[in-house]
Amino acid sequence: MEKAAEDPPAADPAASTYSQVVFTDIPHSYPPSTTVTCRYTYSSTFQPNSRDWVGIFKVGWSTIKDYHTFIWVEQEEGQLSSQAVFKEYYLPKDEIEFYQFCYVDSTGQVRGASTPFCFRSAAEQSMESISSFDALIVTTQEQVEQNLREKDRLQEELHLMRSENETLRGALQKQQKETASFKEWNDQKEEERSKLTYQMDQIKAENEKLKNALQLQQQENKQLKEEMMIQLTKQMELEQQNAAEQKAQSQIACKTAEDKYDRALLKINQLKEERDNLKKNTDAQNEEIAQLKARLREEERVLSKAKDGIQLLQADLLSSEKEKERLSAELLKLQNLDQLMDRMKKENLELSRRLSQQNTPPNSSQDGVETLSRQLQDTWMKLEAESQECKKANDLIKQLSNELQQVKQQLTNVASLYELEQRKASKYEMQIREMNEMFADREIVAHEKEQEFRLITQQKEELTRENQGLKSEIEKVRESMRAYGSIGTTSADSTYMQFDVTSPSIDTNTTRDQEDDTEQNQHVYETIGPTEGQREEEPSLVCSHCQERFPGITQEELDQHEQSHRVCPFCTMICDGMEQSVFEDHVYSHEL
């Protein structure tokens, strides 16, 4: 078997026992570079394990970790002897030292050891057999001590050399790391330089491309200028043809705007009437609510007074019941006294009858009769007094019972009145809750109207900003055309530029349409009149709504233009671009 891949377990040699495994037929030496077989036997009390092993140790070993080589034991059941075979490749090469076999179990304890042996050839063994015994006896101890000292010195030198080697190796590794890092840094710099040069080449190429593109753009601009001149002339002809049609369309638009304006005023008046009616209803409901609240407070005060009266009546009832109990106890006592008096009357009658029947001496009988008569008189007086008190007590009890019945009747009346007042209060609360819900609904409607008004205001502001932007763009285009020097400042040219710039937004915004129509009408009116040679200075009329100036038109034409605007009657805002429903909501928002 070859050497195992893992080390065997370690154990304390002091706990080893060597008598359980005995190695047999161990020679004094084995020939080198040959397979070695050792045989051993187990004691009857020892049980081998597959994790037991047999190792070759140098003589003088201290722990089982000092083995040179080892093999695992081949376990065979029912046999007390076995053998271990060591291949020549794993055997020691030193022919001077002595070795021995040791059997170690799975717990790391040595169970047996062989006699020492060495690895020598037969010739060397025969030559040394003559004188080795004497030499060993004479020189073994001194030589061993000298060898030990030499070994210690060599180990110290080896340790120093190893430490120096480690330091030098660390310095070399550090130097190698620094060299590698410097090389990486140099490589990075080279890569950055190459990237920069590549970027510079790209920038130069892009500059060349941009220069070429600029030249091409300049050429295209020249061509576009020529095309614009051609289109301007064509557009002026088309404008003159469409002027009459636009005038007719403007008159139709004025009529439709007037109709819409009349409908808006009619709806505004209707909304005003509805608002007035709503205010009247609201005021009446508020007054009714105030009256209901006042009645509710009055009923609450009456209810609180009734509660206080009930509490007082309950207190009187408790005191009356206590007095009734007391008088009942006294009445019972008086009834007992009445019964006692009846018995005493009977006894007195019996006694007087007995006395009348007896024949006693006159003196003694007279004294006894007088005594009995006095006692009877006293008793009659007491009985009369008690009977009077009983009569008074009965009268008082009857009076208190009558008062108690009256108090109970009053309590029932107050309880019924209290329930009636509670029902009225709940009814008033329901009415108040319904009125509050109605007011909340109206507040929600008003809030929605306010939001719509804010939305319309925002739209108006956005349209105003877009109008300003379009005007600024028109001015820029006019200035650029004046700079070219090829276009005059005639009204037809400005009309064309206005249509050319604002044409993309004609289909998307009605406000811009109205502004374009206004400007078109203006420029159409500017073309009406005498030629440049015959034109005279005439006063220009100004629209009172859009503040546009119209030179060379009549007052009737200006009135038609002003009527074409849709103007809010409250804030005088121009609402040409608004839809009819949006315009009506805007007007109604002023009423809120």
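The values are calculated or read from the model by the stated rules, or taken from the named source; none is laboratory data. Just so it is clear, the structure is predicted and the values come from calculations on it, not from any experiment. Reconstructed Cβ throughout: ideal geometry from the backbone, glycine too, with neighbour counts over all protein chains shown. Each accessible area value is taken on the protein alone, full model and side chains, heavy atoms only, with ligands, DNA and RNA left out. Shrake-Rupley method; radii C 1.70, N 1.55, O 1.52, S 1.80 Å.
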Cβ-derived FRET efficiency at R0 60 Å, Leu210 paired with Gln176, nearest 0.05
0.75
Looking at the square roots a ≥ b ≥ c of the eigenvalues of the Cα gyration tensor of region 430-484, which shape do they give, rounded for a/c under 1.5, prolate if a/b is larger than b/c, or oblate?
prolate
Once you have the Cα-Cα distance between Leu332 and Met435, take 0.36 nm times their residue separation minus that, and quote the gain in nm to one decimal.
30.5 nm
Taking a ≥ b ≥ c as the square roots of the Cα gyration tensor eigenvalues, with a/c under 1.5 meaning rounded and otherwise prolate when a/b beats b/c or oblate if not, region 21-122 comes out prolate
Cα centroids of region 76-124 and region 439-455: how far apart, whole angstrom?
110
First measure r as the distance between the Cβ atoms of Lys324 and Glu350, then evaluate 1/(1 + (r/R0)^6) with R0 = 35 Å and state the FRET efficiency to the nearest 0.05.
0.35
Distance check, please: which entries in Lys322/Lys382; Lys211/Lys476; Lys307/Lys427; Lys151/Lys174; Lys65/Lys93 exceed 31 angstrom between their Cα atoms?
Lys151/Lys174
Fully extended, how many nm does the chain gain between Tyr18 and Gln459 (0.36 nm per residue separation, minus their Cα-Cα distance)?
147.7 nm
Packing-ranked peptide list from 380-388, 83-91, highest mean Cβ count within 10 angstrom first, is 83-91, 380-388
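Thr554 to Gln357: extension gain in nm, 0.36 nm per residue of separation minus the Cα-Cα distance?
54.9 nm
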Quick query: amide H of Tyr30 versus all other amide H atoms, modeled in the peptide plane; which residues come in under 5 Å with a sequence gap of 5 or more or a different chain?
Cys118, Phe119, Arg120
If R0 = 30 Å, then Leu292 and Val445, at their Cβ-Cβ distance, give a FRET efficiency to the nearest 0.05 of 0.80
Return the whole-Å distance between the Cα centroid of region 206-274 and the Cα centroid of region 297-349.
107
Output the peptides 155-167, 265-277 sorted from most to least packed, where packing is the average of other Cβ atoms within 10 Å over each peptide's residues.
265-277, 155-167
Among 108-121, 468-481, the order from most to least packed when residues are scored by Cβ within 10 Å on average:
108-121, 468-481
Mind giving me the nanometre distance, one decimal, between the label points for Met200 and Asn281, set 7 Å out from Cα along Cα→Cβ?
8.7
Give me a comma-separated list of calculated 3J(HN,Hα) values for region 159-175, in order, Karplus coefficients 6.51, -1.76, 1.60 applied at θ = phi - 60°, integers in Hz, x for any Gly or Pro.
5, 5, 4, 5, 4, 4, 5, 5, 4, 4, 5, x, 4, 5, 4, 4, 5
How many nm separate the modelled label positions at Thr115 and His159, each set 7 Å beyond the Cα in the direction of the Cβ?
3.9
List the residues, sorted by chain then number, that are 5 or more residues from Phe550 or on another chain and whose placed amide H is less than 5 Å from its amide H.
Leu541, Val542, Cys543
Carbon-plus-sulfur fraction of the accessible area of region 21-122, 1.4 Å probe, in percent?
49
Kindly list the residues of region 298-327 that lie in the label zone of Lys424, defined by a backbone N under 19 Å from the point 7 Å along the Cα-to-C-beta vector.
298-310
